[in-house]
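*Asks:* Have a look at this one.
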Amino acid sequence: MRERHIWILQMVTALLLFVLLLGHIFWMHYHEALNLLGIKVEKVLAYEHVRERSKNLALSILYVIFLACALIHGLIGLRNIIIETSIGQKFGGVVVFLLVFLGLLFFAGGVFVIVMGLM
Amino acid sequence: MQKKVIFKIWRFKPPEKRQGYTKYEVPVVEGMTVLDGLLHIKENIDASLTIRYSCRMGVCGSCGMVINGKPDLACHLQISHIRSKVIEVRPLFNHPAVKDLICDFGPFFEKHRMVKPYLIRKDAGEQENPTLEYKQLPQEHLDYMQFSYCLKCGCCYAVCPTAATDELYLGPQAFSAAFRYLVDSRDEGWEERVLAVDTSHGIWRCHFAGSCAQVCPKGVDPGLASQLLKRLVIFGTGRGRAGAGIIEKPVPVPEKIEKIPKPPPATV
């Protein structure tokens, strides 16, 4: 993948993360504000509500996208930091391989939890 | 009593590999620049001090150096504007030092050359042996005017955090030059120039720290040029653009012979 594509991917995931994080923060932590706006949200952190949400397919897909965006954006950032160090400049290829491996591992773990919640 | 300042100058003599600061006391007069202070030291105190300068008026970009931690042109900065009794001067960061305050600009200019900082035309015949000028509207000139003020003083490159860690990184000056020619309506070298900046050591490594824009003595804002260059490369604006043609040949004005007075007859 060329440097240009990596940069574009990081910017696109940043935009998606902004929207998703904003939604997540308001939904989970500022639901009173949503209630004021007329959107009924109650006890989102209660066990039965969490269980109910995890069975919702649309929300599960949204969380998979959220997870993918966070991993892609974060790991590209980490790569950019590492390749500017002397170690990163010497072993750039190994660093990228390790980060891709780490990303896939975390993604698989996250998707496993979301899929298990659907069942 | 005449006001005096202490010049703390970084000295470096290559074969000895000895380096460190030396202090000099310099009398200050109204309007005196840092370069004037350095020349005072060279002429009256220590002739071995090595500096590079030329125009003394902020046009040539030769006297770029780090003054009290910030790169600037020594001929541009007045001592009274520094507001400190100690003036610490050292060569530019990210440029290999040659001697005292002089740096090797070879690698810097090599990167500048890589972005082909000149008009590239398909009509090479017209470019090499021009018959007339290329057309350009004043609005089109404004697109790149700010970026054409660059002196190549290297101050932006000296503060770039990416240039500090990546020797092959092209740097803000080269991006600014690339952008300046890419948006020039007369240019047709989109592919060649984009190929030079769209690499693993190119434009995508810019973090937009913005220090380059902060230190530029001519207000070029290479940080802005780098961000605009990214947009230009992604959206391909200008790809395959036909450069402006040459201006139309002016219609010859018929001479009004009857109104032009005849020269007086020769006396010799």
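*Asks:* Residues in segment B:15-46 that are open to solvent by less than 30 Å² (accessible area, probe 1.4 Å), part of a helix (DSSP H, G or I) and in contact with a helix residue (DSSP H, G or I) (Cβ under 9 Å, 6 or more places away or on another chain): how many?
*Replies:* Result for segment B:15-46: 2.
*Asks:* Hey, B:Val115 hits all of (1) out of contact with any Phe, Trp or Tyr (no Cβ under 7 Å at 6 or more places or on another chain); (2) more than 30 Å from B:Ile203 (Cβ to Cβ) but one; which does it fall short on?
*Replies:* Of (1) out of contact with any Phe, Trp or Tyr (no Cβ under 7 Å at 6 or more places or on another chain); (2) more than 30 Å from B:Ile203 (Cβ to Cβ), only one is false for B:Val115: (2).
*Asks:* All but one of (1) more than 14 Å from chain B (Cβ to nearest Cβ); (2) closer than 20 Å to B:Ser200 by Cβ hold for A:Ile6; which doesn't?
*Replies:* Failed condition: (1).
*Asks:* A follow-up question, please. Can you tell me which residues in segment B:93-112 are in contact with a Pro (Cβ under 6 Å, 6 or more places away or on another chain) and either β-branched (Val, Ile, Thr) or open to solvent by less than 30 Å² (accessible area, probe 1.4 Å) (or both)?
*Replies:* Of everything in segment B:93-112, those that are in contact with a Pro (Cβ under 6 Å, 6 or more places away or on another chain) and either β-branched (Val, Ile, Thr) or open to solvent by less than 30 Å² (accessible area, probe 1.4 Å) (or both) turn out to be B:Leu101, B:Cys103.
*Asks:* Additional query: Scan segment A:82-104 residue by residue and report those that are basic (Lys, Arg) and touching a Lys or Arg at 6+ places or on another chain (Cβ under 8 Å).
*Replies:* Those that are basic (Lys, Arg) and touching a Lys or Arg at 6+ places or on another chain (Cβ under 8 Å): none in segment A:82-104.
*Asks:* Within segment B:57-77, can one find any residue that is touching a helix residue (DSSP H, G or I) at 6+ places or on another chain (Cβ under 6 Å), open to solvent by 70 Å² or more (accessible area, probe 1.4 Å) and among the aliphatic types (A, V, I, L, M)?
*Replies:* no
*Asks:* Can B:Val215 be described as away from every other protein chain (no Cβ under 12 Å) and in contact with a Lys or Arg (Cβ under 7 Å, 6 or more places away or on another chain)?
*Replies:* Yes.
*Asks:* In segment B:218-242, how many residues are closer than 30 Å to B:Val59 by Cα, away from chain A (no Cβ under 14 Å) and open to solvent by less than 30 Å² (accessible area, probe 1.4 Å)?
*Replies:* Number of matching residues: 4.
*Asks:* Is at least one residue of segment B:161-170 away from chain A (no Cβ under 14 Å) and either assigned to a helix (DSSP H, G or I) or open to solvent by less than 10 Å² (accessible area, probe 1.4 Å) (or both)?
*Replies:* Checked against the condition, which is being away from chain A (no Cβ under 14 Å) and either assigned to a helix (DSSP H, G or I) or open to solvent by less than 10 Å² (accessible area, probe 1.4 Å) (or both), segment B:161-170 yields no hits at all.
*Asks:* Separate question: With respect to the numbered conditions (1) of a type outside the set (Ser, Thr, Tyr); (2) out of contact with any Asp or Glu (no Cβ under 8 Å at 6 or more places or on another chain); (3) in a loop (DSSP other than H, G, I, E, B), which one is the sole condition not fulfilled by B:Ala177?
*Replies:* Result: B:Ala177 passes all but (3).
*Asks:* Is one or more of the residues making up segment B:196-215 farther than 27 Å from A:Asn80 by Cα and open to solvent by less than 50 Å² (accessible area, probe 1.4 Å)?
*Replies:* No; the residues of segment B:196-215 include none that is farther than 27 Å from A:Asn80 by Cα and open to solvent by less than 50 Å² (accessible area, probe 1.4 Å).
*Asks:* Now for a different question. Working only within segment B:125-180, note down all residues that are in contact (Cβ under 8 Å) with a residue 40 or more places away in the chain and β-branched (Val, Ile, Thr).
*Replies:* Once the filter is applied, which keeps residues that are in contact (Cβ under 8 Å) with a residue 40 or more places away in the chain and β-branched (Val, Ile, Thr), segment B:125-180 yields B:Thr131, B:Val159, B:Thr162.
*Asks:* Further question on the same structure: Need pairs with beta-carbon distance below 7 Å; first residue at positive phi and within segment B:56-82, second open to solvent by 10 Å² or more (accessible area, probe 1.4 Å) and among the β-branched types (Val, Ile, Thr); sequence gap 6+ or separate chains.
*Replies:* Pairs that qualify, where the first residue is at positive phi and the partner is open to solvent by 10 Å² or more (accessible area, probe 1.4 Å) and among the β-branched types (Val, Ile, Thr), are B:Asn68/B:Ile82.
*Asks:* Restricting attention to segment B:224-243, report how many residues are within 18 Å of B:Leu142 (Cα to Cα) and either assigned to a helix (DSSP H, G or I) or within 19 Å of the chain's Cα centre (by Cα) (or both).
*Replies:* The number of residues fulfilling the criteria is 7.
*Asks:* Test B:Lys85 against the criterion of being under 16 Å from B:Val215 (Cβ atoms) and surrounded by fewer than 16 Cβ atoms within 10 Å (Cβ to Cβ), and give yes or no.
*Replies:* So B:Lys85 fails the test.
*Asks:* Note down all Cβ pairs under 7 Å where the first residue falls in segment B:229-241 and is without any contact (Cβ under 8 Å) to a residue 60 or more places away in the chain, the second is of a type in the set (Asp, Glu) and open to solvent by 20 Å² or more (accessible area, probe 1.4 Å), and they're at least six residues apart or on different chains.
*Replies:* What qualifies is B:Arg241/B:Glu188.
*Asks:* Sticking with this structure for a sec: Kindly indicate the residue of segment B:171-212 that is of a type in the set (D, E, K, R) and more than 14 Å from chain A (Cβ to nearest Cβ) and also nearest to B:Leu119 (Cα to Cα) among those meeting that condition.
*Replies:* This residue is B:Asp187.
*Asks:* Also, I was wondering about something else. Taking B:Glu133 and the conditions (1) within 23 Å of B:Ala178 (Cβ to Cβ); (2) surrounded by fewer than 14 Cβ atoms within 10 Å (Cβ to Cβ), which numbered condition does it fall short on, given that it satisfies the others?
*Replies:* (1)
*Asks:* Let me ask another. Given the conditions (1) among the β-branched types (Val, Ile, Thr); (2) assigned to a helix (DSSP H, G or I); (3) over 23 Å from the mean Cα position of the chain (by Cα), report the number of the one that B:Val194 does not fulfil.
*Replies:* It is condition (3) that B:Val194 fails.
*Asks:* Quick check on B:His76: is it under 23 Å from B:Ala163 (Cβ atoms), assigned to a loop (DSSP other than H, G, I, E, B) and touching an Asp or Glu at 6+ places or on another chain (Cβ under 8 Å)?
*Replies:* Considered against the rule, which asks whether it is under 23 Å from B:Ala163 (Cβ atoms), assigned to a loop (DSSP other than H, G, I, E, B) and touching an Asp or Glu at 6+ places or on another chain (Cβ under 8 Å), B:His76 comes out as no.
The values are calculated or read from the model by the stated rules, or taken from the named source; none is laboratory data. These numbers come from a predicted model, not from an experiment. Don't worry about glycine lacking a Cβ; one is built from the backbone with ideal geometry, like all the others, and counts go over all protein chains shown. The area values use the complete protein model at the heavy-atom level, side chains included, leaving out ligands, DNA and RNA. Shrake-Rupley method; radii C 1.70, N 1.55, O 1.52, S 1.80 Å.
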